[in-house]
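The values are calculated or read from the model by the stated rules, or taken from the named source; none is laboratory data. The model shown is predicted, which means the values in this text are computed figures rather than measured ones. Every residue, glycine as well, gets a Cβ built from its backbone with ideal geometry; the counts of neighbours run over all protein chains shown. Side chains included, ligands, DNA and RNA excluded: accessible areas come from the protein's heavy atoms. Shrake-Rupley method; radii C 1.70, N 1.55, O 1.52, S 1.80 Å.
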Amino acid sequence: MSASTEGNARAAGYAPHPYVGGRTAVLRALAAWRMRWPGAPRVIVLTGNPGSGRSRLLTGFLMMCDPEYRKQLPMDDLDPATVPPDLPAPAVPSAAGRTAAQVLWLLADHFELAAGRTEDVFAELAARDEPVTIVVPDVDQAGPVRAAEEATRVVREVLTPLAATETVQLLADVPRELATELAGALPASQVQVIDLDAPEWADPKGLVLHAETALDAGSGAPELPYTTDPAARRALAEALAARAAGNRLTVQLAVQSLLMQPEGFDPADASQLPTNVGEALDLHARRLGADPQTLRLMLAPLAFAEGDGLPVQLLGTLANAVAGRDMSQDLADGMLLAAPFIQPVEPSPEDDEDGTGEDAEAGAGDGRTLLRLMHPALAEEIRSGLPDVRDTQTRIAMALLEEVPQQDWAQADPYIRDHLAAHTLEAGLLPQLLTDPGLFAHADPVILRAAIEAVPLEQLGAPARTYLRTAPLLTRSQASATLRAAFLESAFVEDGLAPYAEALHTRGFRLPWRTLWSVPLAGVRAVTTGSVAAAGEDGTAVSRSVAALLVPEGTPGSRTLPDAADGAVASQDGTAAGEDAGAVNGDGAAAAGGRTALLLHDLRAPEYVDADPSQVVQPSEEDRAAAPLGFSRGADYLRVWARADRRIVAALVSDSPVTDADLSPDGVLVVATERGVTARQILVAAPPAAPSVPAQRTGTTDADASHGLEGDHS
């Protein structure tokens, strides 16, 4: 199949695809791939230059693959060879804005896989009796942080293993620099690279039709000589297509420019027609009597914008920062100048980060307008024209930082909270930013994690490493900013960074607990709270609250339990130490003597207690029943609730399985996990705030636990 089939299709009288407007050769190849035609490749890699129309082509093809949408298309008028069979729609996990892990777990959810690890996803797909069809668009836009180069990870960690899975029929839209790598991982008989800029796939006549349709006054263009006269319209469309050398974005920008401001345009003057995206910018500015560099400076903040776009109220601030001068008058006078290259974006409902509104982004869902450039290729063109991208990002980052009121992240614009890290990453300043625990709590954890992971670990300070360790927990629990602060508060204590934990109590959060202490003890099988008699400062006997930890014999500071005392220590849920001791002995965790030991720790202070284990006095059942709080737990989560009204006052999700837990009558929660033991004082005054408790999947590591907006895959 080649571009020669374009002429054959038109000669046969077939209508062009109403959305694509051409590309018959490519659509035929894709239809053959979809129907698994003999000789068709199992994997197709679609590529081309920025602005070549890959996204539009793939969208048009997927319209015909969707059983419902194809009912709206004139299917009987199209070339039958371009029409895929009427089958269930393929899986389409878009890579735009997503990490490699998120793309993979979108697939796992779509196919309802029971996989708990990334490698299990590919294994389960390989074990299927019937092939599965997967289309992955927009790989060039992958990742929540531009400078993190997530597209490479998507190709290497998702697409390459998928392509190697014989039961997977794959179509992926990939940047040219990665297309060869992906195709090279497969036998030549199984893969085909379709480069839209290669002569055999080019569609110059389709581009003329695209331009002609856009210029047609009957399609909404203003009435002008070259929009109402078919011959003049055709001539201009042919001239535009010839000058643009096949690049659809260049034609689109040129048409938008001359239709929005037709004065001063001479269709007979070929020098007014752009040959590339950069010329489209500059010719538009000159035709309107403006300096092309001024237009580029006006658009520069949008060329560096992260996420869905830049809030309109930040445009002037960042334009001034990039230009190094006051751009307010240029912006006020130049909206017509910039209009052909900008599009507004309304925020999506997902901008309410916690789903409850407790920490919802300011302005999310209230009509707040974001701005972005018409196409990523525009951003690349503007960025490439700047003398020093890193210096520009430094100016932007400093300007954004100055917009945070009193450095209070709770009051910061949500764009700044979530995306400042991305700007400082490209500026080379991210490690210096990662010292404020308030930012850690308020920033979107998917975006912040992606930015931090792009920095070599040896360049990160201790707080950033703690954040990176905790990030999988923050993303999989989909916790609000308050709950993120609570999880980080405990993590800082666990890592010996108490000042950072304490700082979170001063940042305006109403945390559900205060972490009292944490010890990295391995092999703790059971915990309980109680008290022992101890000597006070004046020598009199006092009762000292303790946490009793059942540990393997030989643990430093522990005392071996006599056989008669094995049943003396029980956790709140009724598991006796003697019962647990059998489990310890059974899994070999105890010392060779087969005995278990008890280690006593002060309930509220970070210190061990040297006392006779047989003297531990546990709260009576009456004491526990009269306590204001109770708790329940699962494999890796706990809920603490008020007995009076069953209101949840604290919810804890752990990044490692919970071995045991106990809650003292006065509200100290002691939790043992595979990582160690941590004590938290529950702050009953805190409002109810609970993250979603995840469905359990077995065998998942931290690296597999973070899937951000796609929910829990722990």
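Odds and ends about this structure:
- The lone exception for residue 270 - which of (1) in contact with a Lys or Arg (Cβ under 7 Å, 6 or more places away or on another chain); (2) without any contact (Cβ under 8 Å) to a residue 40 or more places away in the chain; (3) within 17 Å of residue 381 (Cβ to Cβ) it fails: (3)
- All conditions in (1) part of a helix (DSSP H, G or I); (2) free of Cβ contacts under 8 Å to residues at least 24 places away in the same chain; (3) hydroxyl-bearing (Ser, Thr, Tyr) hold for residue 506, with the sole exception of (1).
- Any hit, segment 331-343, residues being in contact (Cβ under 8 Å) with a residue 60 or more places away in the chain, surrounded by fewer than 22 Cβ atoms within 10 Å (Cβ to Cβ) and within 21 Å of residue 427 (Cβ to Cβ): no
- Options 619, 606; residue that is open to solvent by 10 Å² or more (accessible area, probe 1.4 Å) and either in a strand (DSSP E or B) or over 14 Å from residue 527 (Cβ atoms) (or both): 606
- The set of residues in segment 363-387 that are open to solvent by 60 Å² or more (accessible area, probe 1.4 Å) and either at pLDDT below 50 or not in a helix (DSSP H, G or I) (or both) comprises 365, 366, 372, 387.
- Sole exception among (1) under 30 Å from residue 250 (Cβ atoms); (2) open to solvent by 60 Å² or more (accessible area, probe 1.4 Å); (3) out of contact with any helix residue (DSSP H, G or I) (no Cβ under 8 Å at 6 or more places or on another chain) for residue 33, by number: (2)
- Subset of segment 635-677 (residues that are under 13 Å from residue 526 (Cα atoms) and open to solvent by less than 10 Å² (accessible area, probe 1.4 Å)): 660, 661, 662, 663, 670, 671, 672, 676, 677
- Residue satisfying all of: in segment 504-518; open to solvent by 20 Å² or more (accessible area, probe 1.4 Å) and not hydroxyl-bearing (Ser, Thr, Tyr); farthest from the chain's Cα centre (by Cα) among these: 516
- Residue match in segment 474-493 (condition: outside any loop (DSSP other than H, G, I, E, B), farther than 27 Å from residue 631 by Cα and open to solvent by less than 10 Å² (accessible area, probe 1.4 Å)): no
- Residue match in segment 388-407 (condition: open to solvent by less than 50 Å² (accessible area, probe 1.4 Å), of a type in the set (A, V, I, L, M), within 28 Å of residue 49 (Cα to Cα) and part of a helix (DSSP H, G or I)): yes
- Number of residues in segment 131-164 that are open to solvent by less than 20 Å² (accessible area, probe 1.4 Å) and among the charged types (D, E, K, R): the value is 1.
- Of all residues in segment 119-150, those satisfying the criterion of being of a type in the set (A, V, I, L, M, F, W, C) and within 13 Å of the chain's Cα centre (by Cα) are 142, 145, 148.
- Among residues of segment 70-118, those that are assigned to a helix (DSSP H, G or I) and either more than 28 Å from the chain's Cα centre (by Cα) or not hydrophobic (A, V, I, L, M, F, W, C) (or both), counted: 13
- For residue 171, the conditions (1) over 23 Å from residue 475 (Cα atoms); (2) open to solvent by 10 Å² or more (accessible area, probe 1.4 Å); (3) modelled with pLDDT of 95 or more are fulfilled apart from (2).
- Within segment 438-462, the set of residues being without any contact (Cβ under 8 Å) to a residue 40 or more places away in the chain, assigned to a helix (DSSP H, G or I) and in contact with an Asp or Glu (Cβ under 9 Å, 6 or more places away or on another chain) comprises 448, 462.
- Boolean, residue 287 is touching a Gly at 6+ places or on another chain (Cβ under 6 Å), of a type in the set (Lys, Arg) and either closer than 30 Å to residue 328 by Cβ or open to solvent by less than 70 Å² (accessible area, probe 1.4 Å) (or both): yes
- Of all residues in segment 303-313, those satisfying the criterion of being open to solvent by 10 Å² or more (accessible area, probe 1.4 Å) and farther than 14 Å from residue 144 by Cα are 312, 313.
- Pairs where the first residue, in segment 600-625, is closer than 30 Å to residue 495 by Cα and the second is open to solvent by 70 Å² or more (accessible area, probe 1.4 Å), C-beta under 6 Å, 6+ apart: 601/608; 613/559
- Qualifying residues in segment 47-69 (those that are over 15 Å from residue 203 (Cα atoms) and not in a helix (DSSP H, G or I)) - the one nearest to the chain's Cα centre (by Cα): 50
- Condition check for residue 525: of a type in the set (Lys, Arg) and either in contact with a strand residue (DSSP E or B) (Cβ under 9 Å, 6 or more places away or on another chain) or surrounded by fewer than 23 Cβ atoms within 10 Å (Cβ to Cβ) (or both): yes
- Looking at 448, 434, 430, just one residue is within 24 Å of residue 389 (Cβ to Cβ), touching a Gly at 6+ places or on another chain (Cβ under 8 Å) and open to solvent by less than 10 Å² (accessible area, probe 1.4 Å), and that residue is 434.
- Listing of helices (runs of 4 or more DSSP H) fully contained in segment 234-329 that carry 2 or more residues being closer than 25 Å to residue 217 by Cα and under 36 Å from the mean Cα position of the chain (by Cα): 248-260, 277-287
- Filtered residues of segment 258-284 (kept if open to solvent by 30 Å² or more (accessible area, probe 1.4 Å), closer than 19 Å to residue 208 by Cβ and of a type in the set (A, V, I, L, M)): 259, 268, 270
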